[in-house]
């Protein structure tokens, strides 16, 4: 776009160099006072953090069940204000973040799309973000461009008044809070069977481009004895970077295009869309790959304790008739997004002690 | 649209059969624990309910006049969150619901139009609604499609976590909360003259398509001794279904196209737009029917206690100069929408006792 | 537009006559009980009011730094509801008003653009505004049409239930709360050097059309010993009306197109965009006037206490590398918009005594 050409002179020195560094070398930059400040990459989460966050989400969920508990939650952060900056369409991530804020008493501003923004007057994206930071205490952003949330946090951390940035999905790769809700769902659903450690998980669909299955695969290094089965058409196989990562961390995996054969042998099945949303026209995608759909008749073939997940929205990947089976966990998984995001915000603003104190 | 063709496989079994049932047979389905749960049809309201709701709205209105009363109201439901899902443009219904929620302390999320929604990724409308229900405690929806709110409530009532659905206007026929505010306005304006029982009401304009006058006519069966006068051009006469209903319930009515002759003989005049909004292009409607407009000079011809109503927005049906006359009740009527909707939400969440206790 | 032609019959008598009066004769109309009710023109502010408002903004800013102070603020106006009616794109004004409301506990509804509004059904803008007033206690409006906010306030003041109207920018001329934040910034930045009185201020850029520099020039009559330097290309010189006003009030000013020569000799430099946003296509403006841009190398040439301001958004008028210099006040200026607007709303609703009492 011409606008970007126009604003190239307004560059931030040092960004390109920072951006090129390996993720591991950047993690400290997004911490403050010994804890998470910005949440940009799934790589920022270790096992201790994941366990603590799941425990916190459990407590928030329990408190929210009663009026007195809900009031307690809403009095934790009424002095904080959040900005939801969602340039890309999103229902689930937006609403779960907004309602997570509401749960904790934060007031919320939003900007969806760029049409109401000053960008129409030629403002740079960095200036727009600094403007948001002028008025609020927390920015959640979702953007089609890879590295956008990271740049946002990088810019703000150099100003007089940095505010935490949470990555609500940035380009094709990173969506760290989706990974959090997936982990929380697996831990909750496996509560009676010893948690996520030692479980066999199948990931099904477009593994090549699906950022949820990619992030989740990375996080498996935090769990002991997990094994993965990648189920996809040949053209949508998991990329080599993830497979190298798994080999390096000693996480066993297999690959197959035979969905039905996998069903009886796993503890969780993570279905994903085979989609085309990063292409210019979704109508181009006419192939729906019915061999990778979970249908009513498959319920008889999976284990009685199997957990059926999907990041939603779904198209045909799971038949509606499956929803009523107790093993269908995807609607609970969706709602978990609100609980775990509330836990994350409570953590960022150091409200967890007040929450845990209720259960002491 | 192609999208709908694509998703037809994702059907909910039993809906078609349910939808075809007569309204009277479906009412129980939308009740829970002996009281209203979903509000879909005006037929769900009986006289006792209408009287109680009007009384509750009165109390809410009184409390809201003072800071202490307003604070009391705002502490009733701060633990609840609402979703306003408005696919159709709406100013009044949206804002009055939103501010009714604010009055009672609810936090509000909104989705207007479908552009920011996951429907662009091929999600079914039912899944979108279930997603809303994952994060909130109440859904208000407005939709151009007949039966949409009903289907929404029907789907949710079969899930683990149903939340109440309020119909904020669904297709050409049902808009039950508009009927509530009209009843509340009539009762309030007739307070000094014994209430709505026994009054003569003229309905003017497009009676054929106007859903407000249709719903209001249905509700007249709850009142004693009311008589109706339908005033419209020949082409916009009240449809036979309503006239049969009135005959069945012994409610006298007359029909005429002579607006001026009716003026002196009625206790209330309900003006409506003669509009074309369900047609493809509103510009096609060049006929404005000036013989059915209420002008300044008509004020001298109506009774000193006559109540002049309009659901708004208006175009030319009532001259601006009429607004200052004390009998012009339409701006109060508009504001009543907020009070009666707040009363409805308070009722749904069983907060009425706390409100009434303030006046004990 | 045809719509306006259609609704001309729905006129409000007396408006045209009122609108033509000189501003000075209209000020009383927008006051109530001896204080500001509607905020339409920068001419409504006198020195005493400006001083009090700056002091109030200071207190609000201090309180907001702690949780207990923030809670105190949020309990001032939780019984009030605001409507932000922004027909024109705006990021800063919108967000600062919204977060100012949040700071004081108000609940906020918004309407951005006209697409979701009833105007599509042919409603007059006056009726739309009356509708907002039915549900809320405060209306902030921003509109491309000159006089819109004034008309809005004029219409409401004749109804049973007027609510205060704050002008968030109306046409090419008036943007009174921007002037407030500029004054507040100058007073804050000059705190160590005796405040705004006696200072030399350069205004740079498009002085002909820029409403911020025009409003700020008007307000200078409230300060003693201020002198102005207008720096612009020949085609964008300050208009005669302002120059006559300054001469009448004995405020010295000079004009030049030599930006660099001015730098060492002023206490504040107010940069503005040279823009084309009121023209039909912003792409037409290819001239960027680099001689009127503030670049890194200029920092060495300005006084150590010089205050560098910009209403933002910027394009190239100030190089990003300048941001880190402590004299770059524009990001603080932006945030001041939230504090001063919160002060204004607190003033309108008479909450200032509760705030000041905290510091007694």
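Throughout, read-outs are computed from the coordinates displayed, never taken from laboratory work. Note that the coordinates shown come from a computational prediction; the quantities given were computed from them, not determined experimentally. Note that we place each Cβ from the backbone using ideal geometry, even for glycine, and neighbour counts take in every protein chain shown.
Points worth noting:
- Each peptide in A:180-188, B:322-330 gets a packing score, the mean of other Cβ atoms within 10 Å over its residues, and the list from highest to lowest is A:180-188, B:322-330.
- Legend: mean number of C-beta atoms from other chains within 10 angstrom of residue C-beta atoms, peptide C:152-164, equals 1.
- When each of C:319, B:52 is scored by the number of other beta-carbon atoms lying within 10 Å, the sequence from fewest to most is B:52, C:319.
- For residue B:252, the point set 7 Å out from Cα toward Cβ sits 8.9, 8.9 nm from its twins in the other copies, listed from shortest up.
- Principal-axis tilt of helix B:330-348 within chain B, Cα atoms, nearest 10 degrees: 30 degrees
- Averaged over the residues of peptide A:68-77, the number of Cβ atoms from other protein chains lying within 10 Å of each residue's Cβ is 2.
- Sequence ranges C:344-352, C:102-110, ranked by mean other-Cβ count within 10 angstrom, highest first: C:102-110, C:344-352
- Computed over the protein assembly as shown, the per-residue total of -39500 (n - 2.57) for DSSP H runs of n ≥ 4 gives a 222 nm mean residue ellipticity of -11000 deg cm²/dmol, rounded to 500.
- Axis of helix A:92-103 versus longest Cα principal axis of chain A: the two differ by about 60°, to the nearest ten degrees.
- Other protein chain C-beta atoms within 10 Å of residue C-beta, averaged over A:226-239: 0.
- At 1.567 mPa s and 4 °C, Stokes diffusion of the protein assembly as shown via Kirkwood alpha-carbon radius, µm² per second: 41 µm²/s
- Mean separation of Cα contacts under 8 Å, 6 or more apart, over the residue count of the stretch A:176-335: relative contact order %: 23 percent
- Ascending list, in nanometres, of distances separating the residue C:33 label from those of the other copies (7 Å, Cα toward Cβ): 4.2, 4.2
- Protection proxy ranking, peptides A:38-45, C:30-37, average beta carbon neighbours within 10 Å, highest first: A:38-45, C:30-37
- For residue B:326, the point set 7 Å out from Cα toward Cβ sits 6.7, 6.7 nm from its twins in the other copies, listed from shortest up.
- Principal-axis analysis of the Cα atoms of chain A puts helix A:125-135 at an angle of about 80° to the longest axis.
- Here the relative contact order of chain C, from alpha carbon pairs under 8 Å that lie six or more residues apart, stands at 18 percent.
- Efficiency of FRET between residue A:235 and residue A:146 - r from beta-carbon atoms, R0 30 angstrom, step 0.05: 0.85
- A simple spin-label model places pseudo-atoms 7 Å from Cα toward Cβ; at residue A:325 and residue B:159 they are separated by 2.0 nm.
- Global form of the stretch B:156-294, assessed from the alpha-carbon gyration tensor, a/c cut-off 1.5: oblate
- Translational D in µm²/s for chain A (Stokes-Einstein at 37 °C, 0.692 mPa s, Kirkwood Rh from C-alpha pairs): 153 µm²/s
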